[in-house]
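The values are calculated or read from the model by the stated rules, or taken from the named source; none is laboratory data. The model shown is predicted, which means the values in this text are computed figures rather than measured ones. Please note: Cβ atoms are built from the backbone with ideal geometry, for glycine as well, and neighbour counts cover all protein chains shown. The accessibility values were calculated without ligands, DNA or RNA, using every heavy atom of the protein model including side chains. Shrake-Rupley method; radii C 1.70, N 1.55, O 1.52, S 1.80 Å.
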Amino acid sequence: MQTGGPSGGCLTEKHLDTPIDYEHLLASGSMMGSGGMIVMDEDDCMVSMAKFYLEFTVEESCGKCAPCRIGNKRLHEMLDKITLGKADEGELTRLRNLANVIKDTSLCGLGQTSPNPVLSTMDNFPEEYGIHVHDGKCPAGQCKALMHYIIDSHLCVGCTLCSRVCPVDAISGDKKTPHIIDSSICIKCGACMDKCKFGAISVQ
Amino acid sequence: MDIVKLTIDDKTLVVEKGTTLLEAAKTIGINIPSLCYMKLEDLNFENKPGGCRVCVVEVEGRRNLAPACKTVCEEGMKVQTHTVRVVNARRTVMELILSDHPAECLTCAKSGECDLQTVAQKLGIREIHYQGEQSHYKGDKSPAIIRDMDKCIMCRRCETVCNEVQTVGVLSAINRGFEAVVAPAFEMDLDHSTCTYCGQCVAVCPTGALTERDYTWKVIEALVDPTKTVVVQTAPAVRAALGESFGMEPGTLVTGKMVTALRKLGFDYVFDTDFAADLTIMEEGAEILDRLSKHLSGDKEVKLPILTSCCPGWVSFLEHNFADMKDVPSTAKSPQQMFGAIAKSYLAKKLGVKREDMVVVSVMPCLAKKYECTREEFSVNGDPDVNMSISTRELAQLIRNANIDFKQLTDEEFDNPMGESTGASVIFGTTGGVIEAAVRTAYELYTKKELKKVDFEELRGMDGIRQATG
Ligand code: SF4
Ligand code: SF4
Ligand code: SF4
Ligand code: SF4
Ligand code: SF4
Ligand code: SF4
Ligand code: FES
């Protein structure tokens, strides 16, 4: 559950009984903000969500002070790196430090709240960040760079349907033999998975 | 005097109300690092946008860190200037600033006297943990100033000086967020703006974002060219400023050593601009007299009062802002151009050198002179009267390049005939000095008598309108 717009934060099921008012939302790590509320489920990636909000603050920063002008840009770049599976082990420590410093040193309310989506998702969904960085996977299946379409050779009957819909010719295999996807070509459009009548294609 | 009592790093102190934490800490020997903050003591002028956030400190009871340069001391305040939280924040912010800055110190004109470099060293930055995209802006090379905004840290000092001190109003922050930068409107080049090339923005820029256009290489090229006769003129201010570059007391007069150094560098003739300053004064004096007598004989068209015209920065300020008053200043050329014109006509003829084989270099204390010598009206068939103007700093650079031990030099004299000058031009350097010298000349021209001692001090001062009566 996300409240308060781009400067707000994310709440989890343990906050379900929180009264929706200024003080309680602030105490739980989010805010009333614009009064907006977005409900998300396990198919929504929290890292991507934080990145989405940072895109907004990078746009909105006026540029007067260094932590907000450069810091938010860097936060966004780091989140981007995480969703692309290119982050290293130290990334999460750096991310948290940077978010805290931007909050602590920015000149106005925009910079003082812009790292909230990052901090609250890190606090409430640490495992999601961990899986992205350490296992190179996106649990919600939203970060395309971390997804792999795979054909289960036991389930594939070799009907060739998938290879005919693939827009980039990533699937090869002879008729009636199991097909394979070349993940270096695959653009992760999902068309093959929709077409397969035998449930042989899955995302990992 | 209202006072407040507070503690900084557990030391109790009492300061005048309105004092900032930065100043208060300084009184007890705590130097909080700062970057964007600037105080021009002489003008009592401050730049404190609170933009760099390098000066942050911890104030008890405050949610976030406070910028020391902008936060005013309050009764009972408890301030910590070097907690882990503070030091970490400062370093992180500094790393952010450096992450958006080209690592070009080795070849940067500002290296060694760059505030960004100094503060980064002071904070002990050895690694930049937050790397990413860097902002890039178009370069801008005017005859006097080079703007390399990739090196700009948005301290806004230049903007403050240009708008509020010089009142020219060329620079302002444009764009937003990561793309924000200080530039003339529409990111125009300085050349197309109303910039006067006063150079004050360059003087206050803490980084290599704004630097003077360097002509030292062009000077060397002329000096080594055997077909060229290279003539140099030095402005009065240079002899007083040059010594400082070689570790001498600021203000030490090094006229003789400077002349020797210039000869050693290979200049064929070394002259004093003072000579031409005398000519400017005579011209201006004659012009006052002319305008006055026309006025007295009933000519209502004649423009009075007369304004001096020897500062190219001032001339372009007038051209840009008071185009309808262009006929008010004197029509006399500035001493630099007066000298150039005479060198390339009278002197060239006397030496039997063709105009195009003579190169005139000027050493000047101000950047507007670099621009002035590129003005079209100061050239003949595309050949400028003054080929290039270098600053005191550039001259020091040339001397160092040539391995000349400046302090050990013996004294030599300026060349004649243009090395002569009267006393009048010695007062040139002071504000209002020109008009005093001009009035003196006018008096002497008119009465054919030498003016003994008249107190022209009011013409020289800075306070309000100047007058002299006799
Ligand atoms: S924190 Fe405020 S002042 Fe600083 S850059 Fe962001 S929007 Fe501008
Ligand atoms: S559509 Fe399914 S069953 Fe048919 S070839 Fe592709 S993976 Fe195999
Ligand atoms: S996901 Fe799209 S691109 Fe990838 S193999 Fe399937 S159809 Fe081809
Ligand atoms: S501006 Fe300063 S920090 Fe930047 S390259 Fe030049 S000397 Fe180095
Ligand atoms: S040189 Fe003077 S007028 Fe031109 S931008 Fe700089 S401060 Fe302004
Ligand atoms: S150009 Fe120089 S003085 Fe102007 S804002 Fe940039 S760093 Fe500061
Ligand atoms: S020096 Fe205080 S914010 Fe820059």
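Label-point separation (nm) for A:SER172 and A:GLU89, each offset 7 Å from Cα along Cα-to-Cβ?
Placing both labels 7 Å beyond Cα along the Cβ direction yields 3.7 nm.
Keeping all protein chains in position, work out how much accessible area A:MET32 exposes to a 1.4 Å probe, and write it in Å² to the nearest 10.
Rounded to the nearest 10, that gives 60 Å².
Using only the alpha carbons of the stretch A:1-109, determine the length spanned along each of the three principal axes and report them from longest to shortest in whole angstroms.
36, 32, 22
Heavy-atom accessible surface, probe 1.4 Å, ligands and DNA/RNA ignored: which residues of the stretch A:73-105 lose at least 20 Å² versus the isolated chain?
A:LYS73, A:ARG74, A:GLU77, A:ARG94, A:ASN97, A:LEU98, A:VAL101, A:ASP104, A:THR105
Just the ratio, please: alpha-carbon radius of gyration of the stretch B:3-122 over 2.2 N^0.38 Å, N its number of residues.
On the way: Rg = 15.4 Å, N = 120, 2.2 N^0.38 = 13.6 Å.
Rounded to two decimals, the normalised Rg is 1.13.
So which residues in the stretch A:33-69 end up with at least 10 square angstrom less accessible surface once the other protein chains are there, compared with the chain by itself, probe 1.4 angstrom?
A:VAL58, A:GLU59, A:GLU60, A:SER61, A:CYS62, A:GLY63, A:LYS64, A:CYS65, A:ALA66, A:PRO67, A:ARG69
Express in nm, to one decimal, how much length is gained between B:ASP357 and B:ALA103 on full extension, taking 0.36 nm for each residue of separation and deducting their alpha carbon distance.
On the way: separation 254, 0.36 × 254 = 91.44 nm, distance 4.16 nm.
That works out to 87.3 nm of additional length.
Just the accessible area per residue of the stretch B:1-140, please: how many Å² with a 1.4 Å probe? Mind dumping the intermediate values first?
Values: 7280 Å² over 140 residues.
Per-residue accessible area for the stretch B:1-140 comes out at 52 Å².
When the scattering of the stretch A:105-204 is computed by the Debye formula from its Cα atoms alone, each counted once and equally, what is log10 I(q)/I(0) at q = 0.16, 0.20, 0.22 Å⁻¹?
-0.73, -0.94, -1.05
Between chains B and A, what is the buried accessible area summed over both chains (1.4 Å probe, protein heavy atoms, nearest 100 Å²)? Please report the intermediate quantities before stating the final value.
Details: alone 24120 and 11210 Å², together 32990 Å².
Rounded to the nearest hundred, the buried surface is 2300 Å².
What does the protein assembly as shown give for Rg and for Dmax, in Å, if only its C-alpha atoms count?
In order Rg, Dmax, the Cα atoms of the protein assembly as shown give 34.2, 119 Å.
Can you work out the PRE-style zone for B:LYS11? Point 7 Å along Cα to Cβ, and I want the residues of the stretch B:72-89 with backbone N under 18 Å.
B:73-74, B:76-83, by backbone N distance to the label point.
Which GluC sites (Glu not before Pro) in the stretch B:103-180 pass both tests, a DSSP loop state and at most 14 other beta-carbon atoms within 10 Å? Numbers along the way, then the final one.
Numbers: sites: B:GLU104, B:GLU113, B:GLU127, B:GLU133, B:GLU159, B:GLU164, B:GLU179; in loops: B:GLU104, B:GLU113, B:GLU127, B:GLU133.
For GluC sites (Glu not before Pro) across the stretch B:103-180 that sit outside H, G, I, E and B with at most 14 neighbouring Cβ atoms in 10 Å, the list reads B:GLU104, B:GLU113, B:GLU127, B:GLU133.
For B:LYS349, list the lysines whose Cα falls under 20 Å from its own Cα; do not include residues on the same chain fewer than 8 positions away.
B:LYS228
Taking 56 Å as R0, compute the FRET efficiency from the Cβ-Cβ separation of B:GLN80 and A:ASP182 and round it to 0.05. Present the calculation step by step, with values, prior to reporting the outcome.
On the way: r = 59 Å, r/R0 = 1.06.
Efficiency at R0 = 56 Å is approximately 0.40.
Pairs B:LYS48/B:LYS110; A:LYS73/B:LYS110; B:LYS17/B:LYS48; B:LYS5/B:LYS122; B:LYS344/B:LYS369: which exceed 24 Å Cα-Cα? Could you put the intermediate results ahead of the total?
On the way: B:LYS48/B:LYS110 22 Å; A:LYS73/B:LYS110 27 Å; B:LYS17/B:LYS48 18 Å; B:LYS5/B:LYS122 29 Å; B:LYS344/B:LYS369 18 Å.
As for pairs spanning more than 24 Å Cα to Cα, those are A:LYS73/B:LYS110; B:LYS5/B:LYS122.
For chain B, what is one quarter of the convex hull surface built on the Cα atoms, given in nm²?
Numbers: hull surface 112.9 nm².
Spelled out: convex hull of the Cα atoms, projected over all directions, averaged, 28.2 nm².
Once you put a point 7 Å from the Cα of B:GLU221 and another 7 Å from the Cα of A:GLU127, both along the Cβ direction, what distance in nm separates them?
Result for the modelled spin labels: 7.0 nm.
For peptide B:49-58, compute the average count of partner chain beta-carbon atoms within 10 Å of each residue's beta-carbon.
Shielding by partners across B:49-58 averages 4.
Once you keep just the Cα pairs under 8 angstrom separated by 6 or more residues, what percentage relative contact order results for chain B?
This gives 13 percent for chain B.
Would you grab the residues whose amide H sits under 5 Å from the one on B:SER172? Only those 5+ places off in sequence or on another chain, please, with H modelled 1.01 Å from N.
B:ALA183
Residues of the stretch B:157-187 losing 10 Å² or more of accessible surface, assembly versus chain alone, probe 1.4 Å, please list them.
Checking the loss per residue gives B:ARG176, B:GLY177, B:PHE178, B:ALA180.
Kindly write out, for the stretch B:210-221 in residue order, the coupling ³J(HN,Hα) from the Karplus curve 6.51 cos²θ - 1.76 cosθ + 1.60 (θ = phi - 60°), rounded to whole Hz, with x marking Gly and Pro.
10, 9, 6, 6, 8, 10, 4, 5, 4, 5, 4, 4
For helix A:72-83, report the angle its Cα long axis makes with the longest principal axis of the Cα atoms of chain A; keep it between 0 and 90° and round to the nearest 10°.
Its long axis makes an angle of about 30 degrees.
Rounded to the nearest percent, how much of the accessible area of the protein assembly as shown (1.4 Å probe, protein heavy atoms only) is carbon and sulfur? All intermediate terms of the calculation are to be shown ahead of the outcome.
Values: 17340 of 32990 Å².
That fraction is 53 percent.
For B:GLU377 and B:LEU123 in the same chain, what is the full-extension length gain: residue separation times 0.36 nm, less their Cα-Cα distance, in nm? Present the calculation step by step, with values, prior to reporting the outcome.
Values: separation 254, 0.36 × 254 = 91.44 nm, distance 5.11 nm.
Using 0.36 nm per residue and subtracting the Cα-Cα distance, I get 86.3 nm.
What does the convex hull of the alpha-carbon atoms of the stretch A:148-203 project to on average, in nm²? Mind dumping the intermediate values first?
Details: hull surface 12.3 nm².
Directional mean of the projected Cα hull area for the stretch A:148-203 stands at 3.1 nm².
Take the residue pairs A:LYS81/A:LYS144; B:LYS26/B:LYS78; B:LYS141/B:LYS264; B:LYS257/B:LYS333; A:LYS51/A:LYS81; A:LYS86/A:LYS188 and return only those whose Cα atoms are more than 20 Å apart.
Working: A:LYS81/A:LYS144 12 Å; B:LYS26/B:LYS78 16 Å; B:LYS141/B:LYS264 31 Å; B:LYS257/B:LYS333 29 Å; A:LYS51/A:LYS81 10 Å; A:LYS86/A:LYS188 18 Å.
B:LYS141/B:LYS264; B:LYS257/B:LYS333, as the Cα separations exceed 20 Å there.
Please tell me the relative contact order of the stretch B:296-421 in percent, rounded to the nearest whole number, where contacts are Cα pairs under 8 Å and at least six residues apart.
Details: 104 pairs, mean separation 24.6, N = 126.
That works out to 20 percent.
Starting from the Cα of A:GLN204, step 7 Å along the direction of its Cβ; do the same at B:MET188; then give the gap between the two resulting points in nm.
6.3
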